[in-house]
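Working notes, structure below.
The values are calculated or read from the model by the stated rules, or taken from the named source; none is laboratory data. This is a predicted model, so every value here is computed, not measured. Positions of Cβ are generated from backbone atoms using ideal geometry, with glycine treated the same way; all protein chains shown enter the neighbour counts. For the accessible areas, the whole protein counts, side chains as well, though only heavy atoms, and no ligand, DNA or RNA atoms are used. Shrake-Rupley method; radii C 1.70, N 1.55, O 1.52, S 1.80 Å.
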Amino acid sequence: DECVLVFSGDIVHSGNENQYKRAGAFLGRLLKNLTDRYLPGKHIATMISPGNHDNLAADPKRGIDELKEYYKNKKEDEQFYIELDQLKDFYNFANRNGCFYRGKAVDVRKLTFGKFVLKVNLINTAPFSLLCNGNEDKGLHHIPDREIAKLDFDKQENYTLSIIHHSPEWF
């Protein structure tokens, strides 16, 4: 009797604004069809986290050596926040669905269905992605500790759902 639609990244191919317009049109049709057919009169919450294809990389030719330099020079936190700004078009798309307007790295949502409370952790793993064909950036992604600390919510939920594009071994 309830529904939550989840997207775990790679909403578009390369973070282009027009791609998000097409994705938004598709998402609107999908939600309307689901609502009309299964949940007339209800709202379907949509939870969206970005992936590497949603990252509009400022330097598409960046390589593994540059990522390693961030760590060597202890600049990974600083660079992380710089890279969040590359996701402007993703945030515009996500904000329309109530996602990532509280924070660009971690957004904790609480959905209530009667007495059932669902905590949703939206985690941005797009920074430090490389535009490559392989897994060269595996193990070099980063989320600052102050962002991870935001995952500790009020602990009054019945269930927690964490939405993340890159799994933990990428960090």
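Yes/no matrix, rows are residues, columns are (1) aliphatic (A, V, I, L, M); (2) at pLDDT 95 or above; (3) under 30 Å from PHE113 (Cβ atoms):
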{"position": "ASN18", "(1), (2), (3)": "no, no, no"}
{"position": "ASN33", "(1), (2), (3)": "no, yes, yes"}
{"position": "MET47", "(1), (2), (3)": "yes, yes, yes"}
{"position": "ASP54", "(1), (2), (3)": "no, no, yes"}
{"position": "LYS61", "(1), (2), (3)": "no, no, no"}
{"position": "LYS74", "(1), (2), (3)": "no, yes, no"}
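Within the range 43-52, none of the residues are touching a residue at least 24 places away in the same chain (Cβ under 8 Å) and exposed (fewer than 14 other Cβ atoms within 10 Å of the Cβ).
GLN79 meets each of the listed conditions (1) in contact with a helix residue (DSSP H, G or I) (Cβ under 6 Å, 6 or more places away or on another chain); (2) at pLDDT 90 or above; (3) closer than 15 Å to GLY51 by Cα apart from (3). Residues that are open to solvent by less than 30 Å² (accessible area, probe 1.4 Å) and either under 22 Å from LYS110 (Cα atoms) or not in a helix (DSSP H, G or I) (or both) occur in the range 22-34; there is at least one.
Test LYS119 against the stated conditions and say whether it is within 21 Å of GLY9 (Cβ to Cβ) and of a type outside the set (Asp, Glu). Criteria met by LYS119.
Only strands (runs of 3 or more DSSP E) whose full extent lies in the range 66-171 are considered here, and the ones with at least 1 residues that are of a type in the set (Lys, Arg), open to solvent by less than 50 Å² (accessible area, probe 1.4 Å) and in contact with an Asp or Glu (Cβ under 8 Å, 6 or more places away or on another chain) are 116-123.
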